[in-house]
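Worksheet: one structure, shown below.
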Amino acid sequence: MAGSEIAITWLGHAATKIETDGNVIVIDPFLEQNPATPEDQKQPSQLDLMLITHGHYDHMGDAVSLVTRHQPDVIANFEICAYLQGKGAQKCNGMNTGGTVDWNGVKVTMTQAVHSSGISEGDSIIYGGIAGGFVLRFPNGFCLYHSGDTDVFSSMQLIGSRFHPDVALLPIGGHYTMDPNAAADAVRLLGVKNVIPIHYGTWPPLAGRPDALREAAKDVSGLNVIALEPGQTVTQSQIG
Ligand code: NI
Ligand code: MN
């Protein structure tokens with residue numbers, strides 16, 4: 001099989017680092033002001049590709065500074081890319097729901113999310129397109145789904161049947177996204193056996209916890225709820 005093993009590091013909240021074939025991919029860069037991000041992860045030393053699910057501050061708070069520092073490839077919706085190009089991004093790939101971009105052999109598909117996407121700038125909110133998620137299909141066959149912020153939606157079943165993700169990163173905090181009970185429904189719809197809970201614990205309203213997801217989804221045979229600590233890494237072979 002082509003391609004090296006994939007390593008997934010949760011950087012706290014929705015921020016996720018993926019290392020593969022010497023490349024560093026970050027999904028939803030919110031690091032410097034992220035109370036959950038470990039100090040040694042707040043400023044990535046390498047960044048090749050940045051993926052942004054939607055325009056909220058807790059998902060792209062570091063996007064502009066990372067563009068300035070690393071000038072990475074950027075994949076996000078059309079409106080977020082237009083915004084970042086206005087801030088100096090030179091390698092933006094603005095796309096939209098249903099589209100797929102091939103990035104060095106990694107097929108990145110933008111999926112639906114049930115959420116909003118406004119970009120805060122000062123006291124105003126700029127239209128940031130429609131919130132999404134991403135399916136990443138790696139050259140070695142591994143498939144990862146990062147849902148972004150979302151409620152559960154029934155066409156998660158289609159994401160499952162079309163892509164068969166090996167692992168899904170799903171919000172469980174509630175308040176702004178689905179909670180553990182809804183995430184259990186997401187797990188059933190996706191048919192996924194490995195779940196990394198995200199978007200919880202960062203602030204008090206995000207009250208959902210991995211144990212509550214385990215309890216709510218205990219009928220799903222073989223389900224592996226991988227509760228990482230911020231900064232902790234899980235590799236493809238550990239996921240199985
Ligand atoms: Ni959001
Ligand atoms: Mn959020």
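The values are calculated or read from the model by the stated rules, or taken from the named source; none is laboratory data. What you see is a predicted model, and the numbers here were worked out from it, not measured in a lab. Methodologically, a virtual Cβ is constructed for each residue, glycine included, from the backbone with ideal geometry; neighbour enumeration extends over all protein chains shown. Ligands, DNA and RNA are stripped out before the accessible areas are found, and what is left, the full protein with its side chains, is counted by its heavy atoms. Shrake-Rupley method; radii C 1.70, N 1.55, O 1.52, S 1.80 Å.
From the list Pro44, Pro38, which residue is away from ligand 2 (no atom under 16 Å from the Cβ) and within 17 Å of Trp203 (Cα to Cα)?
Result of the check over Pro44, Pro38: Pro38.
In region 98-142, how many are in contact (Cβ under 8 Å) with a residue 12 or more places away in the chain, surrounded by fewer than 19 Cβ atoms within 10 Å (Cβ to Cβ) and more than 16 Å from ligand 1 (Cβ to nearest atom)?
Selection size over region 98-142: 9.
Return yes or no: is Leu170 within 16 Å of ligand 1 (Cβ to nearest atom), part of a strand (DSSP E or B), closer than 21 Å to Gly240 by Cα and modelled with pLDDT of 95 or more?
Criteria met by Leu170.
Tally up the residues in region 113-150 that are in a strand (DSSP E or B) and within 16 Å of ligand 2 (Cβ to nearest atom), please.
Of the residues in region 113-150, 7 are in a strand (DSSP E or B) and within 16 Å of ligand 2 (Cβ to nearest atom).
Working only within region 192-240, note down all residues that are free of Cβ contacts under 8 Å to residues at least 60 places away in the same chain, farther than 18 Å from Asp149 by Cα, more than 18 Å from the chain's Cα centre (by Cα) and not in a loop (DSSP other than H, G, I, E, B).
Within region 192-240, Asp211, Ala212, Arg214, Glu215, Ala216, Asn224, Gln238 qualify.
One residue is enough: does region 153-161 have a residue meeting the conditions away from ligand 2 (no atom under 15 Å from the Cβ), open to solvent by 10 Å² or more (accessible area, probe 1.4 Å) and within 22 Å of Leu47 (Cα to Cα)?
Checked against the condition, which is being away from ligand 2 (no atom under 15 Å from the Cβ), open to solvent by 10 Å² or more (accessible area, probe 1.4 Å) and within 22 Å of Leu47 (Cα to Cα), region 153-161 yields no hits at all.
Could you give every pair whose Cβ atoms fall below 8 Å, whose first residue belongs to region 63-75 and is closer than 13 Å to Asp48 by Cα and acidic (Asp, Glu), and whose second residue is at pLDDT 95 or above and part of a loop (DSSP other than H, G, I, E, B), counting only separations of at least 6 or pairs across chains?
Asp73/Asp48; Asp73/Lys91
Answer yes or no: is there a residue in region 45-64 that is closer than 18 Å to Pro139 by Cα and surrounded by fewer than 20 Cβ atoms within 10 Å (Cβ to Cβ).
Yes: region 45-64 contains one or more residues that are closer than 18 Å to Pro139 by Cα and surrounded by fewer than 20 Cβ atoms within 10 Å (Cβ to Cβ).
Have a look at Ala76, Ala63 and point out the one that is within 15 Å of ligand 1 (Cβ to nearest atom), modelled with pLDDT of 95 or more and within 23 Å of Pro165 (Cα to Cα).
Ala76
Quick check: anything in region 173-181 more than 21 Å from Ala15 (Cβ to Cβ) and either open to solvent by less than 10 Å² (accessible area, probe 1.4 Å) or outside any strand (DSSP E or B) (or both)?
yes
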